[in-house]
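Chemist: After the C-alpha cells below, expect a handful of questions from me.
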C-alpha cells in the first residue's frame with residue numbers, strides 16, 4: 001500500500017517516526033513521511049495514497065502554531081476519508097478538536113489539552129477486549145512501556161478492541177508539575193469507526209521510540225493499515 005505519514009509537533013517524533021517508517025516499509029508498504037501538511041489540501045496528490053497515517057500533534061498551541069491544520073488541510077482530510085480512504089491515528093494525533101470539532105468525529109475522539117491526563121510513563125498492561133477484531137489479529141494481552149491516557153474525548157460509535165486499567169494515585173502533572181489525583185478505572189486504548197465511506201483506526205499507544213519498538217504495537221499498526229485499506 002502507498003502510505004502518507006504526517007509527523008511533527010510536540011512529542012519525540014524524531015525517535016518514533018523513523019521506527020514507524022522502517023517497520024511499515026519492511027512489511028512491503030511504500031511510505032512517504034513528512035512534517036509538511038500542505039499535501040493534505042491537494043486532492044490530486046492525496047488520491048494517490050491508500051491511507052493516511054498521523055503520528056503528529058496538531059493542536060492549537062502558541063508554541064507550535066505552525067503545526068495547526070489550516071482550513072484547506074482540514075477539508076482535505078474530510079474529503080480524503082469521506083471518499084473511502086483509510087486513516088490511522090496514533091497516540092496523541094487525535095489532538096486538534098480544540099480548534100476543529102469535526103476532527104473528533106473523524107477520529108472518534110482523542111487527547112484534549114487541558115482536560116486529558118495520564119499517570120507517569122511506564123509499564124502498561126494492555127488487555128484485548130475483542131479477540132476477533134482485525135486490529136488484534138495475532139495479538140493477545142501484553143505489556144508495554146507507554147502512557148495510559150485518561151480524560152480523553154470519546155465519541156459514540158467506536159468499536160473498542162484494546163483497554164487498560166490504572167490504579168488510583170497522585171502524581172506530578174502539568175507544566176508546573178502540580179500533584180494531581182488521578183482515578184482508578186479502565187480506559188479504551190484502541191478502536192475503529194467509519195467516517196463517510198472511509199475507515200478510521202485510532203490507537204492511543206505510541207508515545208516514543210521505546211513504545212514503537214514493542215512488537216505488539218507494530219503488529220497492531222500493521223493490522224490497522226490492512227484493515228483500513230481493505
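Chemist: Here are some conditions: (1) in contact with a helix residue (DSSP H, G or I) (Cβ under 7 Å, 6 or more places away or on another chain); (2) in a helix (DSSP H, G or I); (3) within 23 Å of residue 19 (Cβ to Cβ). Residue 64 meets all but one. Which one does it not meet?
Modeler: (1)
Chemist: Give the residues of the stretch 134-145 that are under 23 Å from residue 208 (Cα atoms), in contact (Cβ under 8 Å) with a residue 40 or more places away in the chain and either under 18 Å from the mean Cα position of the chain (by Cα) or outside any loop (DSSP other than H, G, I, E, B) (or both), sorted by residue number.
Modeler: Of everything in the stretch 134-145, those that are under 23 Å from residue 208 (Cα atoms), in contact (Cβ under 8 Å) with a residue 40 or more places away in the chain and either under 18 Å from the mean Cα position of the chain (by Cα) or outside any loop (DSSP other than H, G, I, E, B) (or both) turn out to be 135, 136, 142, 144, 145.
Chemist: Scanning for something under 18 Å from the mean Cα position of the chain (by Cα), closer than 16 Å to residue 111 by Cβ and at pLDDT 95 or above, does the stretch 211-223 turn up at least one residue?
Modeler: Applying the first criterion (under 18 Å from the mean Cα position of the chain (by Cα)) to the stretch 211-223 yields 211-223.
Next, from what is left, pick out any that are closer than 16 Å to residue 111 by Cβ: 211.
From what's left, at pLDDT 95 or above: 211.
Scanning the stretch 211-223 turns up at least one residue that is under 18 Å from the mean Cα position of the chain (by Cα), closer than 16 Å to residue 111 by Cβ and at pLDDT 95 or above.
Chemist: Limited to the stretch 203-225, what total is found for residues that are within 20 Å of residue 133 (Cα to Cα), out of contact with any strand residue (DSSP E or B) (no Cβ under 8 Å at 6 or more places or on another chain) and either buried (at least 24 other Cβ atoms within 10 Å of the Cβ) or free of Cβ contacts under 8 Å to residues at least 24 places away in the same chain (or both)?
Modeler: The number of residues fulfilling the criteria is 1.
Chemist: Considering only residues that are part of a loop (DSSP other than H, G, I, E, B) and in contact with a helix residue (DSSP H, G or I) (Cβ under 7 Å, 6 or more places away or on another chain), which ones fall in the stretch 43-58?
Modeler: Within the stretch 43-58, the first condition is being part of a loop (DSSP other than H, G, I, E, B), and the residues that meet it are 47-50, 57-58.
If the condition is that a residue be part of a loop (DSSP other than H, G, I, E, B) and in contact with a helix residue (DSSP H, G or I) (Cβ under 7 Å, 6 or more places away or on another chain), then 50, 57, 58 are the ones that fit.
Chemist: Answer with yes or no whether residue 154 is at pLDDT 95 or above, closer than 24 Å to residue 225 by Cβ and within 14 Å of the chain's Cα centre (by Cα).
Modeler: no
Chemist: Still on this model: If you take the residues of the stretch 7-53 that are under 19 Å from residue 223 (Cα atoms), touching a residue at least 60 places away in the same chain (Cβ under 8 Å) and buried (at least 18 other Cβ atoms within 10 Å of the Cβ), which of them is farthest from the chain's Cα centre (by Cα)?
Modeler: Here the residue is 29.
Chemist: Tally up the residues in the stretch 1-19 that are closer than 23 Å to residue 47 by Cβ and outside any strand (DSSP E or B), please.
Modeler: 1
Chemist: Residues to consider are 148, 162; find the one that is without any contact (Cβ under 8 Å) to a residue 60 or more places away in the chain, touching a strand residue (DSSP E or B) at 6+ places or on another chain (Cβ under 6 Å), surrounded by 17 or more Cβ atoms within 10 Å (Cβ to Cβ) and closer than 25 Å to residue 179 by Cβ.
Modeler: Values: 162 fails: closer than 25 Å to residue 179 by Cβ.
Unique residue meeting the criteria: 148.
Chemist: Another question, if that's okay. I want to confirm something. Restricting to the stretch 91-133 and keeping residues that are part of a strand (DSSP E or B) and touching a helix residue (DSSP H, G or I) at 6+ places or on another chain (Cβ under 7 Å), which single residue is nearest to residue 220 (Cα to Cα)?
Modeler: 128
The values are calculated or read from the model by the stated rules, or taken from the named source; none is laboratory data. It should be emphasised that the depicted structure is a prediction, and the values quoted were computed from it without experimental measurement. Neighbour counts run over all protein chains shown; Cβ positions are idealised from the backbone, glycine included.
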